[in-house]
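Quick notes on the structure that follows.
The values are calculated or read from the model by the stated rules, or taken from the named source; none is laboratory data. Predicted model, so just to flag it, every value in this text is computed and none were measured. Here the Cβ positions follow ideal geometry from the backbone for every residue, glycine too, while neighbour counts run over all protein chains shown.
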Amino acid sequence: MKVFLLSIHRFSNALSEWMGKWVAWLTLLMVFIVFVVVVLRYLFDWGRIDLQESAIYVHAAIFMLGAAYTLKHDEHVRVDIFYRPAAPKTKAWINLLGVVFLLFPMMVFIFSMSWEYVAVSWSMHEGSREAGGLNGVWLLKGLILVMPCLVSFQGLGQLAESCLTILDWKKD
């Protein structure tokens with residue numbers, strides 16, 4: 001059981017860490033795109049819808065793909081009044097209950113409510129509504145389903161870590 005929990009913990013953390021580092025490069029790309037949009041608009045009085053949309057697409061991808069990384073590093077929203085001074089086992093119980101009763105149900109809800117919305121977009125290869133816009137809206141909407149999967153998998157890792165802490169098993 002300990003080996004299984006350690007495996008889940010390590011793999012989910014490795015996946016989230018890898019995704020977070022990849023998303024960091026997307027952040028740099030977004031900054032570059034926005035810089036180009038501003039330079040083109042204000043220095044050359046030339047706007048491009050596809051460039052503006054690409055900044056929005058990259059921003060959405062950063063948010064969707066970076067959520068699990070944020071959860072891994074405990075940078076998500078939490079009420080720290082009781083959590084911060086708590087003992088490690090108490091924190092583990094809070095995390096375990098939070099994952100089981102808040103995180104997993106919310107991720108299932110997001111996934112199930114988005115399924116049809118994304119499926120319709122994929123079936124028609126939805127593109128931009130703007131003339132000259134990007135055609136990959138359907139790919140972007142696919143990230144709505146990827147995000148709850150990644151966050152749920154990181155939640156499994158947190159669940160495993162909480163169990164290891166509660167059972168006093170070291171995370172070697």
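A few remarks follow.
- Condition check for V23: within 26 Å of Q52 (Cβ to Cβ), in a helix (DSSP H, G or I) and more than 14 Å from the chain's Cα centre (by Cα): no
- Figure legend. Inter-residue proximity from region 145-165: first residues over 16 Å from H76 (Cα atoms), second residues charged (D, E, K, R), beta-carbon distance below 7 Å, spacing 6+ or different chains. Indicated pairs: E161/K171; L164/K171; T165/K89.
- Restricting attention to region 69-85, the residues that are at pLDDT 80 or above and aromatic (F, W, Y) add up to 1.
- For region 69-93, the tally of residues that are assigned to a helix (DSSP H, G or I) and under 30 Å from K21 (Cβ atoms) stands at 9.
- Scanning region 123-142 for residues that are touching a residue at least 40 places away in the same chain (Cβ under 8 Å), surrounded by fewer than 17 Cβ atoms within 10 Å (Cβ to Cβ) and of a type in the set (A, V, I, L, M, F, W, C) gives a single hit, A131.
- Hey, V120 outside any loop (DSSP other than H, G, I, E, B) and surrounded by fewer than 13 Cβ atoms within 10 Å (Cβ to Cβ) or not: yes
- Of all the listed residues (Y69, Y83, Y57), the sole one being surrounded by 12 or more Cβ atoms within 10 Å (Cβ to Cβ), of a type in the set (F, W, Y) and in contact with an Asp or Glu (Cβ under 8 Å, 6 or more places away or on another chain) is Y69.
- Residue list for region 129-172, filter: more than 19 Å from G20 (Cα to Cα), part of a helix (DSSP H, G or I) and not β-branched (V, I, T): W138, L139, K141, L159, A160, E161, S162, C163, L164
- Residues satisfying the stated conditions in region 109-150, i.e. within 16 Å of H59 (Cα to Cα) and aliphatic (A, V, I, L, M): L134, V137, L139, L140, L143, I144, V146, M147
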